[in-house]
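The values are calculated or read from the model by the stated rules, or taken from the named source; none is laboratory data. Bear in mind the structure is a predicted one, so any value in this text is a computation, not a measurement. Cβ placement follows ideal geometry from the backbone for every residue including glycine, while neighbour counts extend to all protein chains displayed.
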């Protein structure tokens, strides 16, 4: 039997790792990826925030269980990360935070305050007064399109707009393939942080109706300072092997900007702008029969 695992805090982890055409299992207590020729690659699963499994990958029950105990998010994705099929640790791990997030999203005034604070964090200035969420979403869309054009000019890239087809990856130009690969990296680490903090990826404020609405909300706060410039820079350097080069560059920029240490505090700052107090447990609530010991990981990590 393995000793109880104590999750490492998200801010102290490697951002992500990709695995393709391998079989993942636990051998002698180690998390191992085995290729078809028998090569074994040990993966320090407890120090990785998000493990991306691409087509051609198989994973055992023991490996999934170990990743869950270590607080590592496993995501099953399509080629180059353009499609997300499933996540290994769905939903938040803290009911009080889920209820707090849902209460903010269901209160029109609180939701608007959260959206306005997101706008200010993203663009560095207060949003126009007396605007609804829908109006702010439209203003944001215009500004985002202009930001894409400006960054494209900076790197000398021919930009025709954000266009891609998830069903036909090869139909996109190489600039959009770079952007899709880069944003997939950002969404992966953001979802890992959202889940680690105990919130629900689907309960968004600007984005709604999607399994990762809140992930998109939070990732957008960091997108243009991290992965978008990386994608255009890689696109300007050539068309060969762009997805792999984008991933390596994204991991570097995540480390340089200390992204994993910033996501959870930013989530708490954004939600606190709603002006509502987190709900208290009802008086008649029954405490757990077997208390779970506190671990050194982030607040939502299962121990």
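So which residues in region 228-245 are more than 14 Å from residue 185 (Cα to Cα), surrounded by 15 or more Cβ atoms within 10 Å (Cβ to Cβ) and in contact (Cβ under 8 Å) with a residue 60 or more places away in the chain?
Initially, region 228-245 is screened for residues more than 14 Å from residue 185 (Cα to Cα), giving 232-241.
So of that shortlist, the ones also surrounded by 15 or more Cβ atoms within 10 Å (Cβ to Cβ) come out as 232-236.
Selection gives 232, 233, 235, 236.
Looking at region 21-31, which of its residues are under 10 Å from residue 59 (Cα atoms) and not in a loop (DSSP other than H, G, I, E, B)? Walk me through it before giving the result.
Taking region 21-31 first, the residues under 10 Å from residue 59 (Cα atoms) are 22-26.
Those that are under 10 Å from residue 59 (Cα atoms) and not in a loop (DSSP other than H, G, I, E, B): 23, 24, 25, 26.
Given the criteria at pLDDT 90 or above, at negative phi and assigned to a helix (DSSP H, G or I), does residue 103 qualify? So that I can check it myself, show each step before the final result.
Numbers: at pLDDT 90 or above: yes; at negative phi: yes; assigned to a helix (DSSP H, G or I): yes.
Yes, satisfied.
For region 213-225, which positions are surrounded by 19 or more Cβ atoms within 10 Å (Cβ to Cβ) and within 15 Å of residue 185 (Cβ to Cβ)?
Selection gives 215, 216, 218, 219, 220, 222, 223.
Just one of 137, 150 is more than 18 Å from residue 271 (Cβ to Cβ) and modelled with pLDDT of 95 or more; which is it? Steps first, answer last, please.
Working: 137 fails: modelled with pLDDT of 95 or more.
The conditions single out 150.
I'd like to check something: does region 173-188 contain any residue that is assigned to a loop (DSSP other than H, G, I, E, B) and either surrounded by fewer than 18 Cβ atoms within 10 Å (Cβ to Cβ) or touching a residue at least 60 places away in the same chain (Cβ under 8 Å) (or both)? If you could, list the steps in order and put the result at the bottom.
Residues of region 173-188 assigned to a loop (DSSP other than H, G, I, E, B): 173.
Checking which are either surrounded by fewer than 18 Cβ atoms within 10 Å (Cβ to Cβ) or touching a residue at least 60 places away in the same chain (Cβ under 8 Å) (or both) leaves us with 173.
Yes, the conditions are met somewhere in region 173-188.
Can you tell me which residues in region 250-267 are touching a residue at least 40 places away in the same chain (Cβ under 8 Å) and either surrounded by 12 or more Cβ atoms within 10 Å (Cβ to Cβ) or within 20 Å of residue 201 (Cα to Cα) (or both)? Can you show your working first?
Here is the first cut: in region 250-267, the residues touching a residue at least 40 places away in the same chain (Cβ under 8 Å) are 250-251, 254-255, 258-264, 266-267.
Listed by number, the residues that qualify are 250, 251, 254, 255, 259, 260, 261, 262, 263, 264, 266, 267.
Please identify the pairs in which a residue from region 72-94 that is in the same structural domain as residue 46 (by TED's automatic domain parsing) and buried (at least 19 other Cβ atoms within 10 Å of the Cβ) has its Cβ atom under 6 Å from the Cβ atom of a residue that is modelled with pLDDT under 70 and part of a helix (DSSP H, G or I), counting only partners at least 6 apart or on another chain.
Listed by first residue and then by second, the contacts come to 82/169.
Being more than 15 Å from residue 205 (Cα to Cα) and either out of contact with any helix residue (DSSP H, G or I) (no Cβ under 7 Å at 6 or more places or on another chain) or surrounded by fewer than 14 Cβ atoms within 10 Å (Cβ to Cβ) (or both) narrows it down to one of 138, 156, so name that one. Explain how you work it out, then say what you get.
Values: 138 fails: more than 15 Å from residue 205 (Cα to Cα).
Residue meeting the stated conditions: 156.
Can you name the condition, by its number, that residue 39 falls short on among (1) closer than 29 Å to residue 240 by Cβ; (2) in contact with a strand residue (DSSP E or B) (Cβ under 6 Å, 6 or more places away or on another chain)?
Failed condition: (2).
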